[in-house]
Amino acid sequence: MIICNNICKSYRHGASYKQVLRNVDLVVNPGDRVALLGRNGAGKSTLIKLIGGVEMPTSGNIKRTMSLSWPLGFAGGFQGSLTGYDNARFIARIYDREYKEMKAFVEDFTEMGRQLRMPVKTYSSGMRARLAFALSLAIEFDCYLIDEIILVGDQNFQRKCQYELFEKRKDRSMILASHSTDVVRQFCNRAYVIHNGQAEAYDDVSLAVDVYTEL
């Protein structure tokens with residue numbers, strides 16, 4: 001389970017502070033597929049980074065009893081001077097996984113070929129996203145954090161992403177930040193609409209989508 005209790009997040013903006021999230025409560029149960037809906041800048045990505053531990057809340061607390069992936073749309077954890085293969089080896093070591101198996105999965109999933117031998121800092125944003133997605137899926141987590149990543153790349157890659165996430169791992173929990181209402185309606189069973197820094201919970205996903213489209 002993931003429980004966010006009274007989460008606030010502010011960033012320094014010049015001489016003042018900008019509050020992005022304000023008193024946010026959120027609960028994710030095992031097997032939940034929770035959508036985060038909100039306009040650009042509403043705080044969806046910020047909330048996913050807080051849940052994943054990439055950033056810390058200004059106040060409030062987050063309780064996690066499930067293993068969490070890093071945010072799939074977040075490639076900031078890569079060592080840019082290392083190759084794709086080297087980053088895979090590093091992740092395998094951290095999570096105590098067999099590198100040979102991870103390497104094979106990354107090669108097959110990313111379809112990046114010789115580019116995996118190049119430093120990550122030379123990659124396009126789409127290539128970095130492919131690598132981030134592959135490395136996250138190469139390790140089994142209880143809950144996957146997804147930040148628009150399923151919309152990266154061509155249709156073939158998108159289909160591959162959807163199969164790996166929503167079919168092969170249909171028993172896992174997911175938190176999905178997306179602007180695609182079709183994806184949200186198809187795959188999510190609960191939703192939060194983030195507006196003016198606050199998050200409102202909905203058990204009816206269609207109602208949440210209607211509220212979001214009227215923002």
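The values are calculated or read from the model by the stated rules, or taken from the named source; none is laboratory data. What you see is a predicted model, and the numbers here were worked out from it, not measured in a lab. Glycine gets a Cβ as well: all are built from the backbone with ideal geometry, and neighbour counts include every protein chain shown.
For the reader, a short list of remarks on this structure follows.
- Thr65, sole failed condition from (1) of a type in the set (Val, Ile, Thr); (2) crowded, with 20+ Cβ neighbours inside 10 Å; (3) at pLDDT 95 or above: (2)
- Filter pass, Leu116 being surrounded by 20 or more Cβ atoms within 10 Å (Cβ to Cβ), in contact with a strand residue (DSSP E or B) (Cβ under 8 Å, 6 or more places away or on another chain) and not in a helix (DSSP H, G or I): no
- The residues in the stretch 53-65 that are over 15 Å from the mean Cα position of the chain (by Cα) and touching a residue at least 24 places away in the same chain (Cβ under 8 Å) can be counted, and the count is 9.
- Qualifying residue in the stretch 129-146 (condition: crowded, with 21+ Cβ neighbours inside 10 Å, in contact (Cβ under 8 Å) with a residue 60 or more places away in the chain and of a type in the set (Asp, Glu)): no
- When residues of the stretch 1-51 are limited to those that are in contact with a Gly (Cβ under 6 Å, 6 or more places away or on another chain) and of a type in the set (Val, Ile, Thr), the one surrounded by the fewest Cβ atoms within 10 Å (Cβ to Cβ): Val20
- Here Gln162 passes the criteria (1) closer than 25 Å to Tyr192 by Cα; (2) in contact with a Phe, Trp or Tyr (Cβ under 7 Å, 6 or more places away or on another chain) except the one numbered (2).
- Test for Gly60: is it at pLDDT 90 or above, surrounded by fewer than 22 Cβ atoms within 10 Å (Cβ to Cβ) and under 24 Å from Tyr202 (Cα atoms): yes
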